[in-house]
Structures are given as C-alpha cells and as structure tokens.
Amino acid sequence: MTEKKKANEIGWNFDNSYTRLPDIFFRTVDPNPVQAPKLIILNDRLAASLGLNIKELESEEGVSVLAGNRKPEGGTPLAQAYAGHQFGHFTMLGDGRAMLLGELITPKGERFDLQLKGSGRTPYSRGGDGRAALGPMLREYIISEAMHGLGIPTTRSLAVVTTGETIMRETPLPGAILTRIAASHIRVGTFQYAVKWGSVEELRTLADHTIQRHYPEVEGDKNRYLSLLKEVIKRQAALIAKWQLVGFIHGVMNTDNMTISGETIDYGPCAFMDQYDPATVFSSIDREGRYAYGNQPYIGGWNLARFAETLLPLLHDEQDQAVKLAQDAISDYMKLYHANWLEGMRAKLGIFDKETDDEVLIADLLTLMEKQRADYTNTFRALSFVKPEGTGIFAHPEFANWHERWLSRLERQNKPKDAVQELMQSSNPAVIPRNHRVEEALEAAVEKGDYSVLERLLNVLSTPYANTPDQAEFCILPTPTTVPYRTYCGT
Ligand code: AMP
Ligand code: MG
C-alpha cells in the first residue's frame, strides 16, 4: 500500500487557514523525528468525532504522525508566534515545544487545530529542548478530558505517544508527545505579538481571521472589532465562572495562556481544590498567590484589559474614543462574570428563580465551609441528596441554621423536589480529578507502565454528574498531610 493512500485512510481533512496569515505570525517547521514512538493512549471518541479512522491512527503510519516523525497528508506544520505577560511581565514567547500540524475539518464541518506538544525545538524555543515528559503530558490528558466531562470549554487531548527518548529535567524522564485539539490556539498573546512586532494592517488581518473563525456572527457589525472584544469578554466571563464553580485553579493565567475562543488552555500547574479556601495556590512558582483560586476572576479582567489595549488602533481612529470604547467594554466584564457565577451558584443550590438575599445565603455557606475547612466538591454534592449526614460541616450548629434558611428558600420557589434535585445533581459533580488520584494514576503509568489506574480514573471522570457506585472511592479525601501539594510549569 502506498504511503499516500495509507495517510488518506486515516481521514485527514485539512484546511490550513493560519498559513494564509502574514508571515510574521508563524514559522513553518519540519518534522523532528523521535527514536521509537509508541502509542500510549488514544481518545477513540474524540478521534471518531474528528472523522479519523481509529484503526489507521493506531497503525505505524498513524503513530508516526502523532510522534511528529511524519507530516500528515495535507498538513503544513508550523510554530505560532506569540508574546505574553507572564506574572505581569511582558515577553516574547511562541511555540517553543509545539507544532500546529494543521486545521482539521470534521464531518460536521467544524474546524479544529491539531497540535503536537513536546514535538521538538522550533525557532521560538529559546534555551528549551522543545520536549515534554510523559507524566505532565498524561496529566494534561487527564485534566483536559475531566474538564470536558464537566462541561467546561477546553482544548482536548487526542493522544499521547512516548518517544523512546530520555529528556533531562531534574532527573532523566521518559519523553512524550501530546496531540492537542483546540478551536484554535489564538491567544491574547497572539494579539500582543501583532501590536508589538507587526503593522496595524497585520493586526487587522489577525482580528479579521479571528472573527471569521470564532465570531462570524459579528462580521457585519458596524464596529466589528468592538464586537469581537465584547464577545471575548463574554466567553471568558462565562469560562472563569465555570472554573470557580467546580474549584478549578488554572495556576498560570498569563496572557499567552488565555484563548480568544474562550477555551481553557495550558494544563501545566493547574489543579482542583479539595478544602474550600479562596487563597489556594498549587503552583510552585506562584509565591505571591497571583493566580490563587480567589484571584482568578480579577486576573481574567486584567488579561482582558491587555487584550482590549491591543485592539485600540482598530476600535476608533481617535485614540481617546478608542480608549473610552475599550474601557466601557472592560467594565462590563466583572458584572458578566458575577452574573454567570451567581447563576451557577443558584443552580448548585437548586434555586431556579432570583431573590436579592440569595447572595447572602451563598456567601454564608462559603464562609462556613472556609472556617470548617470543608471539602468544596463533597459538600455541594452531599447537599444535592435528600439529607446530608450529620458529620463534619453538617454537624456544625451554624450549618443547622443555614440549612433551615436554605430549605425555606427552596420552599418559596414552589418547585417539585425532584426538579430541585435534578438541577443540583447536574450542577454539582460527584467526582473531580483529585490531586492524590491523579498522582496515583501517573505514578502507576510512568513508574510501572500500568495504565489501568489511569483508565479507571478517566472513565469515572467522563460522567462526573452521574450517580454510580464506582464513583464512591473517587470521592474519598486524601489523608491529611502537612506537605502542601505542588504543581509545576513547563515540565
Ligand atoms: P507554558 O508554561 O507551557 O505556557 O510555556 C511558556 C513558554 O515556554 C512557551 O513559549 C513555551 O513554548 C515555552 N516552553 C516551555 N517548555 C519548553 C521547552 N521544553 N522547550 C522550549 N520551549 C518551552
Ligand atoms: Mg502556554
């Protein structure tokens, strides 16, 4: 069978619109072969939805594409240029260890980036080796798929392959490549790059490309760039509210890690919170808590203000008018975020309608949870069932008082009990990727080559709102320890 025929049998259907942008936005790259690629995990359902043939993808030819050893038929590998504010400091970045293979058009006509992460050096690698280790790539796979299961917009993970090569970090580690699927990889940092190193016309081309790709409905608007800004603000406000509602901490909300599509991206130091505490930080380098759980909504606003600044030359010919338009749009962000969060919190408590005092009811529960160091996920999930048990926070006298207020609130809305329960159970996940479970799965996989732990975890995380017996063990909290859980960037 010829190579070409085989490649087509995988089902690649590319249309690479990014390559039609001005040259400054990317550099084409060549495959960067690795020694001994081996497929570790393939997301069958995602592959099918992309119109890819699973059997062919698992074949030697398929795996060599997922390892970056071979260009897929119709793909045009490139590294994207971008800049970004990292912990508040502006810097030039770009795909230093990733390559965009192309944009896949699915059988339904949707368009997704197909990107390899850990695929070797690029013109933007600076001092880095362009590679990634197996543990962190599997970690991204688990958490991004968990986010998808939770109904939160996110990049997805199609596959992980090991490279047969060792990479050097603090210790030698097995190398791996993740295949990532995204609505696009256009970030706030892509716009910052255009402003810093491109012309206004190049910036406009990027903005038009982005509108066409993610917000075609605003194309005909009188000021389509203002509409773009407003839509991105809306999507990010909704996204970050969803993070807060499940206790997800991104950990490195630099502007290069904020997408224009409104998908969660860059699963480096992220982690889910167990005990409710707004000051929770897991990232080893976030010493001042810039990206702590409770700060995420504000950092979202800060990042969006940086995005708004990049659009100023397109918003209005007169600068003060442009600034006014941008400021007005940005000032809506916090309101939008809060409305999304409040709606989500009401749903978590089974509330369908609105009362002014709902916010106090919610705040009082959160305060009590914080004081009692209650588990965020388990507390809300327990409330979703008939009567929480009288242990922990539920045995606390202040809880009894709160519980009465909540029950009378539910009575006032006149909704059948099952409707309330259904709303709550579909808003409060039973399972999240708890840190000790993720670590356990990674250890079994990386240290022992045992993938069964990871598969069970992925399976239970795929339906987090269901109510099944196999969830029980994944709701058990970690043994208390004085050593805080730590996560790492760029590993
Ligand atoms: P991240 O922390 O994943 O958002 O990465 C920040 C920047 O560092 C991006 O430009 C990455 O491409 C780059 N980077 C991270 N790890 C490596 C590596 N091993 N080699 C080259 N570039 C890297
Ligand atoms: Mg990044």
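The values are calculated or read from the model by the stated rules, or taken from the named source; none is laboratory data. Because the structure is predicted, anything quoted here is derived from the model rather than measured. Here the Cβ is made from the backbone with ideal geometry for all residues, glycine too, and neighbour counts use every protein chain on show.
See the values below:
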| quantity | calculated |
| --- | --- |
| Residues being under 30 Å from Phe191 (Cα atoms), among the small types (Gly, Ala, Ser) and away from ligand 2 (no atom under 16 Å from the Cβ) - total across the stretch 55-83 | 4 |
| Test: residue in the stretch 120-133 that is in contact with a strand residue (DSSP E or B) (Cβ under 6 Å, 6 or more places away or on another chain) and farther than 24 Å from Arg27 by Cα | yes |
| Complete set of residues in the stretch 32-69 that are buried (at least 16 other Cβ atoms within 10 Å of the Cβ), more than 26 Å from the chain's Cα centre (by Cα) and touching a residue at least 60 places away in the same chain (Cβ under 8 Å) | Asn32, Val34, Pro37 |
| Test result for Val420, away from ligand 2 (no atom under 16 Å from the Cβ) and closer than 22 Å to Thr162 by Cβ | no |
| Count of residues meeting criterion [outside any helix (DSSP H, G or I) and within 16 Å of ligand 1 (Cβ to nearest atom)] in the stretch 288-314 | 2 |
| Among the candidates Ile362, Ile351, residue that is in a helix (DSSP H, G or I) and over 27 Å from Leu229 (Cβ atoms) | Ile362 |
| Any hit, the stretch 240-257, residues being within 16 Å of ligand 1 (Cβ to nearest atom), touching a strand residue (DSSP E or B) at 6+ places or on another chain (Cβ under 9 Å) and closer than 26 Å to Gln321 by Cβ | yes |
| Near pairs, Cβ below 6 angstrom, 6+ apart or cross-chain, from the stretch 249-274 (outside the structural domain of Glu370 (by TED's automatic domain parsing) and within 16 Å of Ile181 (Cβ to Cβ)) to any residue that is within 10 Å of ligand 2 (Cβ to nearest atom) and in a loop (DSSP other than H, G, I, E, B) | Thr259/Ile265 |
| Criterion: under 24 Å from Ala444 (Cα atoms) and buried (at least 23 other Cβ atoms within 10 Å of the Cβ) - qualifying residue of Gly149, Gly84, Gly118 | Gly118 |
| Residues of the stretch 244-261 that turn out to be at positive phi and within 16 Å of ligand 2 (Cβ to nearest atom), as a count | 1 |
| Residues of the stretch 469-491 that turn out to be assigned to a loop (DSSP other than H, G, I, E, B) and within 16 Å of ligand 1 (Cβ to nearest atom), as a count | 5 |
| Cβ pairs under 8 Å, 6+ apart, first in the stretch 474-485 and over 10 Å from Asp274 (Cβ atoms) and not assigned by TED's automatic domain parsing to the domain that holds Ala374, second of a type in the set (Lys, Arg) and surrounded by 10 or more Cβ atoms within 10 Å (Cβ to Cβ) | Phe474/Arg434; Phe474/Arg437; Cys475/Arg381 |
| Within the stretch 264-283, considering residues that are within 16 Å of ligand 2 (Cβ to nearest atom) and assigned to a loop (DSSP other than H, G, I, E, B), the one farthest from Cys489 (Cα to Cα) | Ile265 |
| Test result for Arg111, among the charged types (D, E, K, R), in contact (Cβ under 8 Å) with a residue 40 or more places away in the chain, within 18 Å of His209 (Cβ to Cβ) and more than 13 Å from ligand 2 (Cβ to nearest atom) | yes |
| Complete set of residues in the stretch 457-467 that are more than 20 Å from Leu423 (Cα to Cα) and crowded, with 16+ Cβ neighbours inside 10 Å | Leu457, Leu458, Val460 |
| Qualifying positions in the stretch 72-106 - more than 10 Å from ligand 1 (Cβ to nearest atom) and in a strand (DSSP E or B) | Leu78, His85, His89, Phe90, Met99, Leu100, Leu101, Gly102, Glu103, Leu104, Ile105 |
| Exclusive hit being surrounded by fewer than 20 Cβ atoms within 10 Å (Cβ to Cβ), touching a strand residue (DSSP E or B) at 6+ places or on another chain (Cβ under 9 Å) and farther than 27 Å from Gly51 by Cβ, set Arg169, Arg213 | Arg169 |
| Selection status of Leu57, out of contact with any Pro (no Cβ under 8 Å at 6 or more places or on another chain) and away from ligand 1 (no atom under 16 Å from the Cβ) | yes |
